[in-house]
1. Given a 1.4 Å probe, how much area per residue of the chain is accessible, in Å²?
2. Taking a ≥ b ≥ c as the square roots of the eigenvalues of the Cα gyration tensor of the range 153-238, is the shape rounded (a/c under 1.5), prolate (a/b larger than b/c) or oblate?
3. Give the long-range amide H neighbours of V184: residues separated by 5 or more places, or on another chain, with amide H under 5 Å away, using H modelled in the peptide plane at 1.01 Å from N.
4. If you roll a 1.4 Å probe over the range 64-155 with all protein chains in place, what percent of the accessible area is carbon or sulfur?
5. Give the separation of the Cα centroids, the range 31-102 to the range 189-228, in Å.
6. Taking the Cα centroid of the range 119-137 and of the range 150-171, what is the distance between the two, rounded to the nearest whole Å?
7. Counting DSSP beta bridges with both partners in the range 128-251, what percentage is antiparallel, nearest 5?
8. With the chain treated as a Gaussian network of Cα nodes joined by springs under 10 Å, which of V25, V49, V238 yields the largest mean-square fluctuation?
Amino acid sequence: MTQENQWDGKVVLVTGGGSGMGRDVCLALASTGAKVILGNRNAQAGQSVVDEIIRTGGQAAFQVTDTSNAEDCESLVQFAVDTYGRLDCAFNNSGIQRGFSPVHETPIEDISETIDVNLKGTLYLMKFETEAMLKTGGGSIVNNASIFGLKAMANTPEYIASKHGIVGATKAVSLDYAEQNIRVNAVCPGPIKTPGFDRVTGGDDHMYDDGVPMHRIGRLEEVTSAVIWLLSEQASYVTGTSLSIDGGMSAE
């Protein structure tokens, strides 16, 4: 079975699909024949990606989703099942990062929102995704944990906590369903060229080069390839892992 034809007709849910890594994964999967369900807080951005997929002959549908809201997460999974009849795979990619400050200066609302969107949102999604996958014999889930699910950085404790939590939740949930044909893994990207990265750096692609052993930032397609591999049958014996895509940063 080739990587391309194995996706024919598969139903894949992607959150945070309106831009950056989520958008790239949506477009790549749709181009191989997958049916994409996209969830995103920004309705215009999410619908734009779906429109692009449909214009190029793919299949996709969009629903506004705030992953900090459990009802939104349940509704998105149900939307996938109602639209295409099943759920085969999911890339839980939604995430936020607010300002940089030591914990005693971090606003309470930043702590709450970051944990709600990043960590609780991922748990909510996995709860409803696994429930849907059990009904059709299994599936595959990939969570976006970031390099900061594996290491720390000063002045962003709530973000680090949320991403470390995703790594732990990925391991735990993978064990829950290891005998039920549901694989659960995480990706841990380092600095990647995304709109969010550009906002932080002001468009300077080399700002963080000195902190990366490969001395460059990553490209979107380098994350997308890893996500699609983990979701695919090529990774059929891989579960509970957190795959670094960081130019060697986590090896230091």
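1. So the chain comes to 45 Å² accessible per residue, rounded to a whole number.
2. It is oblate, given that a/c is not under 1.5 and a/b is not larger than b/c.
3. The answer is I141, G240.
4. 53 percent
5. What the calculation gives is 23 Å, centre to centre.
6. So the two Cα centres are separated by 21 Å.
7. Counting DSSP beta bridges with both partners in the range 128-251, the antiparallel share is about 0 percent.
8. V238
The values are calculated or read from the model by the stated rules, or taken from the named source; none is laboratory data. Because the structure is a prediction, the values reported are computed rather than measured. Virtual Cβ from ideal backbone geometry, glycine too; neighbours counted across all protein chains shown. Quick note on the areas: whole protein, heavy atoms, side chains included, nothing else; ligands and nucleic acids left out. Shrake-Rupley method; radii C 1.70, N 1.55, O 1.52, S 1.80 Å.
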